[in-house]
1. What order do you get for Met158, Met112 when you list them from fewest to most C-beta neighbours inside 10 Å?
2. Match the structure shown to one of the listed values [x] 54; [y] 60; [z] 46 of percent of Cα pairs over 28 Å apart, computed from it, and give that label.
3. Angle between the Cα long axis of helix 261-272 and the longest principal axis of the chain, 0 to 90 degrees, nearest 10?
4. Using a Gaussian network model on the chain with a 10 Å cutoff between Cα atoms, which of Val292, Val240, Val218 fluctuates the most?
5. Simple spin-label model, 7 Å along Cα-to-Cβ: Gln377 to Glu95 in nm?
6. Can you list, by residue number, the Cys in the chain that have no neighbouring cysteine C-beta under 4.7 Å?
7. Counting only C-alpha contacts under 8 Å and six or more residues apart, can you give the relative contact order of the range 167-283 as a whole percent?
8. So who's got an amide H within less than 5 Å of the one on Ser250, skipping anything under 5 residues away but keeping other chains? H placed 1.01 Å off N, in plane.
Amino acid sequence: MAPRCEIFSQGEEIITGQTVDSNAAWLSQKLIAAGFELTRHTAVGDHLNALTKLLVEISERADCCICTGGLGPTGDDLTTEAVSKAFDAPLEFDERAMEQVESIFKLWNRPMPKVNRKQAYFPKGAVRLDNRWGTAPGFAIAHNGCQFYFLPGVPSEMKKMFQASIFPDLQERFSLAPLKRLSFRTFGLGESAIQERIEAIHFPEEITISFRAGLPEVELKLWFPAGFDQQEIEAVSRQVSKALGSQLVSVEDGFGGPKGIVQVIDELLTESGQNIALLETVSSGLLASWCVGRPWLQESSIAPNEALLGRDFGLSGVGGAEEAVLLAKAVRERSGADYGLVQIWNFDQEILTEKRSSMELISALSTDEGEFHHITQVGGSLDRKQNIAAASLLNLLRFYLQKLF
């Protein structure tokens with residue numbers, strides 16, 4: 001049976017929604033991948049009694065708990081005090097922790113405020129967790145058979161401390177059987193459409209299926225228990241890949257994120273040494289922002305209205321697919337790029353901003369072998385329309401480079 005673990009986040013800013021609890025999301029992925037049964041996420045504001053009560057409850061039901069936040073020097077940082085009260089462990093001064101806090105201020109060439117001395121006190125029996133990246137040391141302590149780890153809430157510090165100190169300790173303390181995962185990144189399919197495509201596949205009972213919907217891509221995840229036969233995993237992967245067809249952007253075997261369209265295009269163009277020129281309308285430079293710093297982005301421009309298209313390309317009115325491919329060819333020839341990519345639509349601003357309205361988007365690609373286009377009906381919010389428009393251009397190029405036409 002997998003050991004039970006909880007995540008506990010402390011801070012009024014999390015409870016009030018001023019700060020998104022990205023720490024809990026990141027820790028969840030790490031703990032599940034390691035083989036823990038993650039049973040709860042809990043967040044509590046800056047209230048000593050509530051913190052104390054929760055710590056006692058967690059110690060009675062979990063094998064392990066990772067806590068973030070509340071280790072700072074100010075009056076609203078109550079985690080250490082709450083642990084002392086909950087576990088009846090008086091606070092003790094740690095000289096080494098004090099030296100570490102002071103060294104950070106010396107590095108910053110700033111005097112250390114007296115309130116920071118608070119960060120050098122830990123509950124009796126706690127083991128200090130050094131923080132080489134900030135002023136808040138963490139600590140570990142056991143109570144009622146539950147192993148607690150307390151980390152600062154700053155994400156960059158928390159992640160580094162978890163990797164350096166906590167994860168190795170978890171592997172020593174607990175008998176863990178890491179899960180296996182397959183992730184399939186798709187474009188052009190919603191969750192229900194993906195479900196329909198894989199409906200005919202017979203999945204073993206032990207496999208858990210989940211989805212992560214986002215813009216502009218949707219991810220399908222398959223979770224396999226530890227020790228699941230690798231050949232069977234590969235067989236399932238082939239079946240799912242076949243079912244998803246050309247809408248499948250990438251597959252990842254493990255706990256890294258699968259590659260999105262930008263990463264796939266980056267690999268393809270970097271390998272071939274080719275480049276592209278963009279003309280965006282609906283996406284208004286969003287695609288170019290995704291490609292910043294990529295050597296294959298030779299040129300990008302934006303035409304938010306028909307007047308600019310007429311001025312720069314001599315167009316009189318916006319037509320359909322025929323006009324789009326001619327425009328893509330003009331962009332490629334003017335820039336000297338290997339590929340010209342453009343998007344056009346009818347420039348009806350009300351359709352663009354009206355969430356309930358659907359728009360027809362024409363994506364066009366010009367190559368030295370000819371021109372290609374794709375027509376997409378896009379609905380929803382302005383943000384969704386812009387993301388789909390940007391990704392549609394790269395997806396058209398992906399189809400060409402991977403010979404999916």
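Where a number appears in this text, it was derived from the coordinates with a stated rule and is not lab data. Worth saying up front: this structure is predicted, and the values here are computed from it rather than measured. All Cβ positions, even for glycine, are placed from backbone atoms using ideal geometry, and neighbour counts span all protein chains on display.
1. Met112, Met158
2. [y]
3. 60 degrees
4. Val292
5. About 7.6 nm, to one decimal.
6. Cys65, Cys67, Cys146, Cys291 - these cysteines have no disulfide-compatible partner (Cβ-Cβ under 4.7 Å) in the chain.
7. About 33 percent, as a whole number.
8. Amide H neighbours of Ser250: Arg185.
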